[in-house]
Amino acid sequence: MNGEMKIFLEKASGFNQINNDQDGGWSADFRDRALNNIKSSGIPSSKTEKYRHMDMSAFLASSVSSKDQQQNAVVSTADYHFNFVGGYFREDLTKKENLPSGLEYSLLGGSEVQDILAQFVDSTDFFQQMSNSFMDGGLLIKVKKNHTLDSPITIGNHDPKTNEALSLPRILVVMEEGASAELIEHYRGFKGVSWTQSLTEIYIEKRACLYHTSKNTGCPTGTQLNSTKVKVLGAGEYHNLSLFLGGKKSRNNLDVELLGEHAHCELVGLFSNDDSGICQNFTHIHHRVGDTTSVQYYKGLLDQKSLGVFNGTIFVHPKAQKIDSNQLNKNLLLSNLAHVETKPTLEIHADDVKCSHGATIGRLQEDEIFYLQSRGITKKRAVQILSEAFAIDAIYKFKGTQDREATVLYVKEFLETLPALKG
Amino acid sequence: MSLLEIKDLHATVDGNKILNGINLTVNRGEIHAIMGPNGSGKSTLAKVISGHPDYHVESGEVLYEINGKPSKILELEPSERAREGIFLGFQYPVEIPGVTNSTFLKEAFNSICKHQGAEELDAFDFNELIGQKCKGLNMDPSFIHRPVNEGFSGGEKKKNEILQMSILNPILSLLDETDSGLDIDALKIVAKGVNDLKSKYNATILVTHYQRLLDYIVPDFVHVLYQGKIIKTGGKELALELEKRGYDWVIGEKVQ
Ligand SMILES: Nc1ncnc2c1ncn2[C@@H]1O[C@H](COP(=O)(O)OP(=O)(O)OP(=O)(O)O)[C@@H](O)[C@H]1O
Ligand SMILES: [Mg+2]
């Protein structure tokens, strides 16, 4: 066993001792299985393509905090129905009175969810295995059969303001048959050498539909990972908007499995960074059966020496005929030192398939800037207007949300901090 | 004092000499038409006056009246020239995806108001103003909410240039083939836009290939540009003659 693994295991056992030593049931087995998995497959090296630019040392250097320490942290929860503090779900902070009707929630851990959680287990997904080996409760949300929630469900993760830097929030969403809802998550990187790693698993039953926004506000010294794993049954729909703004390192892992005929997903993303920040996006769409459709639209806006990565894979499994899938990644570089790596991958094992993909990397067009200037708009302002339009366009591609105005504001506020657009 | 005075202007693009000694004086109240074969430098001249960064002035001077004084505008940023009342109607208007016409125009209008010390308009009053202008030009107001020029037909793009001109109310308008690709009704709209603005304070330079436009907008002067130089200047009858005889005879006269 190498040194890294040793530290990893010590951390996990430390975590489980302070939080979970009394519970011996299925969740202990669940964690053990994940830990054994990591033991046998090892901690991924940043030399491999899939885990490039990841630096586990920040995780290994972070410190584990106990749930008890977080119970008393005072945070402002004004904006969210459900609140995590330092990665722990704080049931006491839930705004019960504002919850839309048709929604049920509880601490994630009861044995009734173990079958669903087991279905999501993917031994090749290191970050999920990591979250599983540190599993301690979390939040379970259920939208009841044929219910349409009239307002979005909101979830926030708050900085405990202690020096504890490791934060592993976890959510399971179950959309029962015919249910329809909107979910908005907001994760923030914490000050210091922090490690925030969220896992959201979403089970969409037949004809159910979820609109899901994931806002991720990075911090200049922290690592932020967000894994979303989705299963969509027949005629179900999943719509995702992933926003990764700023931060030293951030990573978006988004896996969607289309498991029933006429299942559909639309994944829209915007990543933007400055300084020497890195934003990585790994999307995987599995068309497991025929007559399923998917759309991906990702935009990157990069300033200074930052790096954006888009790595999108579409798998069409054998016998999955009549597939329609398209993917587009557009990037705008605001500085000569910024760069983008974009890699669309198609793995197609069926023949009646319509797949398209494309990627562009460019700078603002001189002619566009001049057109605005010729109308009295300064060059600086022209660059702001054009960059903003490039970014906001992605948000408009995420149709059907009730939260657009707030999302646009959230993005604009971030863009104003980019050096190329400041002032 | 003249509104615009161009003296022996030489300019290059990508190292190619395009303008080879332009001299042109425009007074307030005048309308000038510039004609000339393809590639003779008409758009280049318009872009140099408005400050496009791709064009390099090698020598010569462009003076424009600001606050009652002739000012060297080649030193000004394009946005500063626009704020001083210079408007370029593009031969090929640029598409700006993601920015609506109304946002764009409001931004432009208010930046010019601010510079000139006039009060900025809020969204409500500004929409009112646009509504009026659209009506006056017989234009569909739904244009306003579409992204600037995106998916517009060639003629719609040109009409949009005229709408912008009438809202920004420039002192010197440079209209580069605003009449190309227009149907008869649209041509009348463009002419109306120009004629509505015409006053003893304003001046217009029209770049055109067709005498047809000049039936609606009567120029005081017609210039022929050839190989980066104005080789002939006349009154509106020169346009009629060019229409009949083409450019060869003018070029021939020049050579002799
Ligand atoms: N960016 C450029 N690089 C190289 N040559 C250029 C560039 N822009 C313009 N030119 C050249 O400069 C010359 C003058 O072009 P300009 O567009 O000014 O002509 P014009 O008189 O407006 O023609 P038209 O009647 O066709 O609009 C042309 O030969 C053109 O090819
Ligand atoms: Mg031209």
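The values are calculated or read from the model by the stated rules, or taken from the named source; none is laboratory data. The structure displayed is predicted, hence computed values, not measured ones. Glycine also receives a Cβ, built like all others from the backbone with ideal geometry; neighbour counts cover every protein chain displayed. Just the protein is used for accessible areas: all its heavy atoms, side chains included, with ligands, DNA and RNA removed. Shrake-Rupley method; radii C 1.70, N 1.55, O 1.52, S 1.80 Å.
Details
- Once backbone amide H atoms are built at 1.01 Å from N, A:Glu266 has A:Tyr238, A:His239, A:Asn240, A:Val295 as its partners under 5 Å, excluding neighbours fewer than 5 places away on the same chain.
- Area buried, chain A against chain B - accessible surface, total, 1.4 angstrom probe, square angstrom: 1900
- Within the same chain, aspartates and glutamates fewer than 8 places from A:Lys229 are excluded, and of the rest, those with a Cα less than 17 Å from its Cα are A:Asp115, A:Asp122, A:Asp125, A:Glu176, A:Glu182, A:Glu185, A:Glu201, A:Glu205, A:Glu237, A:Asp255, A:Glu257, A:Glu266.
- Mean separation of Cα contacts under 8 Å (6+ apart) over length of the range B:4-255, as relative contact order %: 27
- Across the range B:4-255, the convex hull enclosing all Cα atoms gives 124 Å³ per residue.
- Built amide H within the under 5 Å cut-off of B:Ile34, gap 5+: B:Leu206, B:Val207, B:Thr208, B:His223
- Sequence-distant residues sharing a close amide H with A:Val230 (under 5 Å, placed H): A:Ile202, A:Asp255, A:Val256, A:Glu257
- For the range B:102-173, the average shadow cast by the Cα convex hull is 4.9 nm², which is a quarter of the hull's surface.
- Principal axis dimensions, largest first and in whole angstrom, of chain A by Cα: 70, 50, 49
- Label zone (B:Tyr247, point 7 Å along Cα-to-C-beta; backbone nitrogen cut-off 11 Å) within the range B:31-61: B:35-43.
- Rolling a 1.4 angstrom probe over the protein assembly as shown with all protein chains present gives an accessible area of which 48% lies on carbon and sulfur atoms.
- Among B:Ser102, B:Ser153, B:Ser166, the residue with the largest mean-square fluctuation in a Gaussian network model of chain B, with springs joining Cα atoms closer than 10 Å, is B:Ser153.
- Accessible area per residue, Å², the range A:3-363 with all protein chains present, probe 1.4 Å: 37
- Relative contact order computed over chain A (Cα-Cα under 8 Å; 6+ residues apart), in percent: 9
- Across B:Lys17/B:Lys47; A:Lys380/B:Lys198; A:Lys50/A:Lys248; A:Lys305/A:Lys379; B:Lys42/B:Lys254, pairs whose alpha-carbon gap is larger than 26 Å: A:Lys380/B:Lys198
- Whole-Hz ³J(HN,Hα) from phi, Karplus 6.51 cos²θ - 1.76 cosθ + 1.60, for the range A:139-146, glycine and proline x: 10, 10, 10, 10, 9, 5, 2, 6
- Computed from phi, the 3J(HN,Hα) profile of the range B:236-241 under the Karplus parametrisation 6.51, -1.76, 1.60 (θ = phi - 60°) reads 5, 5, 5, 4, 4, 5 Hz, with x in place of Gly and Pro.
- Computed over the protein assembly as shown, the per-residue total of -39500 (n - 2.57) for DSSP H runs of n ≥ 4 gives a 222 nm mean residue ellipticity of -8500 deg cm²/dmol, rounded to 500.
- Enclosed volume per residue, in Å³, of the convex hull spanned by Cα atoms of the range A:150-279: 86
- Applying both filters, DSSP loop and at most 14 other Cβ atoms within 10 Å, to the GluC sites (Glu not before Pro) of the range B:27-129 gives B:Glu119, B:Glu120.
- Violating pairs (Cα-Cα greater than 30 angstrom) within the set A:Lys422/B:Lys159; B:Lys106/B:Lys192; A:Lys11/A:Lys96; A:Lys11/A:Lys161; B:Lys158/B:Lys229: A:Lys422/B:Lys159; A:Lys11/A:Lys96
- A:Lys161-B:Asn27 FRET efficiency (beta carbon distance; Förster radius 56 Å; 0.05 resolution): 0.20
- In the range A:320-423, GluC sites (Glu not before Pro) in a DSSP loop with at most 10 other beta-carbon atoms within 10 Å: none
- Quotient of the Cα radius of gyration of the range B:24-162 and 2.2 N^0.38 Å, N being its number of residues: 1.17.
- Per-residue mean of foreign Cβ neighbours for B:97-109 is 4 (Cβ atoms of other chains, 10 Å radius).
- Model label sites at A:Glu405 and A:Ala28, defined 7 Å from Cα along the beta-carbon direction, differ in position by 5.2 nm.
- Dipole magnitude for the range B:34-112: about 200 debye, using +1 per Lys or Arg Cβ and -1 per Asp or Glu Cβ, origin at the Cα centre.
- Compared with the dominant Cα axis of chain B, that is its longest principal axis, helix B:184-197 is turned about 90°.
- Ranking A:His357, B:Phe221, B:Ile6 by how far each Cα lies toward the positive end of the dipole of the protein assembly as shown (charges on Cβ) leaves B:Ile6 at the top.
- For the range B:196-254: Kirkwood Rh in Å [reciprocal of mean 1/r, alpha carbons]: 12.5
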